[in-house]
Amino acid sequence: MERRRFLTAAATAAGAIAAGPPALAAGATAEPRAQSYDAVIYGATLAGLMAALRLSRRGYTACVLEPTNHIGGVVTGGLVKTDIPNTIGALGGLTRTAFFDAIGAHYGVGSPAQYRFEPKVAKLIAGRLLTESGAAIRKNQRINGPADVTVSGTRIQAVRSSAGWVTARFFIDASYEGDLMAAAGVPYHVGRESSAAYDESYAGFRPHTVLRRGLFEPNTGYPVGPVPGGAEGSADEKVQAYNFRGVLTQAADRLPFPRPDGYDPAHYLHLRSLIDYRGITGLTQMVGTTAAIPGAKHQTNQGLFIGYDLPGVNWEYPDGTWARREEIIQQQVRWHQGMQYWLSHDPSLPASFRADAATWGLPADEFVDSPHGAGFPHQLYIREGRRMKGAHVLTQHDLFAPNNTKATSVACWQYGLDCHTVQLYPDGDRYLIGEGSLTGEEGNVRVDLYQLPAECLFPSSGSIDNLTVPVCFSSSHVAYLSPRMEPNYGMLGEAAGELAAQAIARDTAVQAYRYADLATALREFGSVLSV
């Protein structure tokens, strides 16, 4: 479904705000005077930082408005085992040299870049990049709807912050949520399109390529949902599971797993069945050896079929209010923290299992100011949220030859179509279905090396003409499953920044960009436009 949830309100407000922020009501307290920059970047994600860095190299000022109290997004907030492209030569630009190479230099490994790292090191490098960009940073700045964004005609004029309105000539929505884009009235999509929408063979509800696992006793109850209806390939508004990318350690100063408020051991009955069925002896076996990162720490992800992912509870996150999103975040925190507490404390588990789990804990030197407690990640991993419907909608066809080359390439990428479970539901008496997989197996659908065109980064002509969107970029659900990785977001952020710089310099709509100039600017700092 195409979303224009905020469009009516934004359009209604446009006439009143064309000259600037809304007029004060009688007796109201005056807000601080609006501050002006060349560009406003919403979201201090890796994409946002790279956009700010590119703008600074072109001599433009930027203000970064970050919805949380932390910079760097999920690369500083937990995702520290980086998903790199299958063809590593596709990763370039400042994303590689200024971020990943800098991490390698920190560890003394030099080049090539370091793609496994400690969160505190990513935080250090992200802070340096923000300082280098010279961008102003305001944290805890959340867009709640069209009242926080002023639009006149086809141009965004200002965004509200806690310190007053911030005006700019250009805007970049580098957030995971896409709230600036949505509040400005740009059309977008949430959920899965039907297979007919873009003639995509992997689109829509996938009841015949599911993960079927057993044996579970029972196979109903939290977090398992009802058996869904709908024909194969039909559209829905469901999104793949989110999780926290945690970090574990066996160091002597490790923090014990906390018992979260609202802890319910009954939530982990399915995990207990899986542990018994597979003969798992402890948390060490679950952590494995493939997720090691520097500092004798280990990255967690989904893990087992029932693991850190929590399918279904996040469906309302993309379009939810911030209050609703916070409820979902807290539910994910309880699930994740509760699971780790259960693994180390539940009396139904063998004493040897609990003793092994107790040798693990949270790192005392990471996430020290997390709102969810020391040692626990501060950023929920939002694998997929809103997706803009822009000048070009990336689809399944763009990821395979012969449609994988583009005349207006801003980045190259190659990573399999990776969709985590969308929903869990029972099958018969002792089996569970994890629906969302495109293959029916643990592996992903392989794609060709492909190019991403500039037209994925901005709205269609006639829509907003001073906005780029490098995270919630224009794509179908299927196509988004491959390029939804942080290094690619970083490279798209660079392109978003260069598009902004060109539009500012020429005082034109972003849709009127000159590709030859854009390509020259991108290559100047190492972007890879073809491989």
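What is the P(r) of the stretch 199-245, as percent of Cα-Cα pairs per 5 Å bin from 0?
Percent of pairs per bin, in order: 5, 13, 21, 25, 19, 13, 4, 1.
How do the peptides 469-478, 270-279, 346-355 rank, highest first, by the average count of neighbouring beta carbon atoms within 10 Å per residue?
The peptides rank, most packed first, as 469-478, 270-279, 346-355.
Give me the percent of DSSP beta bridges within the chain that run antiparallel, rounded to the nearest 5.
70
Eigenvalues of the Cα gyration tensor times 5, then square-rooted: what semi-axes does that give for the stretch 109-184, in whole angstrom, largest first?
Ellipsoid half-lengths, sorted descending, are 32, 13, 12 Å.
Dipole of the chain (Lys/Arg Cβ +1, Asp/Glu Cβ -1, origin at the Cα centre): which of MET491, CYS63, PHE353 lies farthest to the positive side?
The one lying farthest along the dipole's positive direction is CYS63.
Where the Cα atoms of the chain are projected onto their three principal axes, how long is each span, largest first, in whole Å?
Principal-axis extents of the chain (Cα, largest first): 68, 58, 52 Å.
Sort 259-265, 59-65 by the packing proxy (mean of other Cβ within 10 Å over each peptide's residues), most packed first.
Top to bottom by mean Cβ count within 10 Å: 59-65, 259-265.
Suppose every K and R has +1 on its Cβ and every D and E has -1 on its Cβ; what is the size of the dipole of the stretch 65-178 about the Cα centre, in Debye to the nearest 20?
180
In square nanometres, what is one fourth of the surface area of the convex hull spanned by the alpha carbons of the stretch 466-531?
Over all viewing directions, the stretch 466-531 projects a mean Cα-hull area of 4.9 nm².
Quick one: 3J(HN,Hα) in Hz for the stretch 207-222, Karplus 6.51/-1.76/1.60 with θ = phi - 60°, rounded, Gly and Pro as x.
Karplus values, whole Hz, x for Gly and Pro: x, 9, 10, 9, 8, 10, 10, x, 9, 10, 9, x, 10, 10, x, 3.
Can you tell me the orientation of helix 119-133 relative to the chain, as the angle in degrees between its alpha-carbon axis and the longest Cα principal axis, to the nearest 10?
The answer is roughly 0 degrees.
Which aspartates and glutamates, on any chain, are close to LYS406 with Cα under 14 Å apart, when same-chain ones fewer than 8 places away are left out?
Cross-link targets: ASP398, ASP448, GLU455.
Under 21 Å between alpha carbons, and skipping anything fewer than 8 positions from LYS120 in its own chain: which lysines qualify?
Within the straight-line cut-off, LYS120 pairs with LYS81, LYS139, LYS297.
How would you rank 74-80, 505-511, highest first, on the average number of other Cβ atoms within 10 Å across their residues?
74-80, 505-511
Give the Rg/Rh ratio for the stretch 133-269, taking Rg as the radius of gyration of the Cα atoms and Rh as the Kirkwood radius, to two decimals.
With Rh from the inverse mean 1/r over Cα pairs, Rg/Rh is 1.09.
Got a number for the accessible area of ARG324? Probe 1.4 Å, square angstrom, nearest 10.
Accessible area of ARG324: about 70 Å².
³J(HN,Hα) across the stretch 484-493 via Karplus (A = 6.51, B = -1.76, C = 1.60, θ = phi - 60°), whole Hz, x for Gly/Pro?
These are the phi-based 3J(HN,Hα) values: 7, 10, 4, x, 5, 4, x, 5, 5, x Hz.
What ³J(HN,Hα) values, in whole Hz, does the Karplus curve 6.51 cos²θ - 1.76 cosθ + 1.60 give for the stretch 78-88 when θ = phi - 60°, with x put for Gly and Pro?
x, 7, 10, 10, 6, 7, 9, x, 4, 9, 5
Just report the Cα centroid separation between the stretch 369-442 and the stretch 52-79, whole Å.
Between the Cα centre of the stretch 369-442 and that of the stretch 52-79, the gap is 23 Å.
The values are calculated or read from the model by the stated rules, or taken from the named source; none is laboratory data. Everything numeric here is computed off the predicted structure, so don't read it as measured data. In this analysis, Cβ positions are derived from the backbone assuming ideal geometry, glycine residues included, and neighbour counts consider all displayed protein chains. Keep in mind that these areas ignore ligands, DNA and RNA; they rest on the heavy atoms of the full protein, side chains included. Shrake-Rupley method; radii C 1.70, N 1.55, O 1.52, S 1.80 Å.
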